[in-house]
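The structure appears below as structure tokens.
The values are calculated or read from the model by the stated rules, or taken from the named source; none is laboratory data. Everything numeric here is computed off the predicted structure, so don't read it as measured data. Cβ: placed from backbone, ideal geometry, glycine included. Neighbour counts: every protein chain shown.
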Amino acid sequence: MTLTTKLLGSRAVAAMTSPHGVDRYLEMFNPMWVVTEVRARVVDIQRENPAAQGSAPVATITLQPTSTWRGHRAGQYVQVGVELPGSARRMTRCFSISSAASLPGERITLTIRANDEGQVSKFLVNEAKVGQMLHLSQADGDFTIHESAATPTANHLVMISGGSGITPVMSQIRTLLRDGYDGRANRKVTFIHFARSPEDQIFADELAAIAEGDNHIDVHLRYGDATFSEFELRRLIPDFRNTDTWACGPGGLIELVKEAYGDSPRLRVEFFKPPAVSLGSAEGSVSFTRAGASAENTGASLLEQAEALGLKPEFGCRMGICFSCVKTKTDGTVRNILTGEESSLPDEEVRLCVSAPVGDCSVDL
Ligand code: FES
């Protein structure tokens, strides 16, 4: 740490620049000068699925983070903040990092699908320009490969992904390949991926090269109506329940994978979209007391039910990661959409995006 950085990070400077903080003032000279915040400059944007008809465009965006970036482990995500044109508010969303594990200050890539309902993802894919500055969080998340390529005990690894869930898995595979994973000591990776069609397949050329390479990574791509089957998994890996496995994708795929693995501790999962909750059990009514709004409980998440009533609660990732949608549930029971756990504690902080009311429920919103 240089003397200048030390000085700028001191309490005295923090007090002098309060309430905005020193980074706000440094930004006027150079947006890449920061002491505490993390920002990143877009240095490249590449379209990933140019041939895909009828599916959302996907782009890989290369970012040069500021020197405050602490690096990431393969499989982690970051929150990206942008001020959208015409919006006074900064919006944040979580995106998995698709590049291999990084060291402090190193470049990273995000591979983003411009979902119809995703304002931030659409902006980044369709409108962001090289040179644009973005706000970043530090990397976070536990969906990581704890073994390094040099760990002799990591004999067989299984990666299962669906759709955009391929991005953290690509970070893991790229890290293994970069760090010298080569199949010695019986090491092997079985990678199964489900995509809508070959045209919609992102990283297609790289996956083909990995599949053909002499690297002990078996790539199995499944398209169209093909769904995950325990039978196929058992055929590929007879002892899969005792094999370290990472699975990432839509809620439906992850539910099937979890069913196959039962209570095996070798499975780690990551949803990129929470599974839809069953509407059949919806009963009672939901009240957002501060706004004075209420409606019949539809069984959807509290966030969706609030939005259906015209409310605009703050949110970020919409998948239970960023905690920007936390509000106090003053009364009633909620079910965690990701874990199925129910909680009836009064005056409890809940994440609106992954909490579905069970019966009557009131939220201080
Ligand atoms: S919006 Fe991120 S946790 Fe709810």
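The helices (runs of 4 or more DSSP H) located wholly in region 172-270 that include 2 or more residues which are hydrophobic (A, V, I, L, M, F, W, C) and loosely packed, with under 15 Cβ neighbours inside 10 Å occupy 204-212, 230-236. Among (1) modelled with pLDDT under 90; (2) in contact with a helix residue (DSSP H, G or I) (Cβ under 8 Å, 6 or more places away or on another chain), where does SER99 come up short? Here SER99 clears every test but (1). Residue check: is VAL334 assigned to a strand (DSSP E or B) and in contact with a Pro (Cβ under 6 Å, 6 or more places away or on another chain)? Considered against the rule, which asks whether it is assigned to a strand (DSSP E or B) and in contact with a Pro (Cβ under 6 Å, 6 or more places away or on another chain), VAL334 comes out as yes. The set of residues in region 311-336 being modelled with pLDDT under 85 and of a type in the set (A, V, I, L, M, F, W, C) consists of PHE315, CYS317, MET319, ILE321, CYS322, PHE323. Within region 309-365, being on the phi > 0 side of the Ramachandran plot, more than 8 Å from the ligand (Cβ to nearest atom) and of a type in the set (Gly, Ala, Ser) holds for GLY310, GLY332, GLY340, GLY359.
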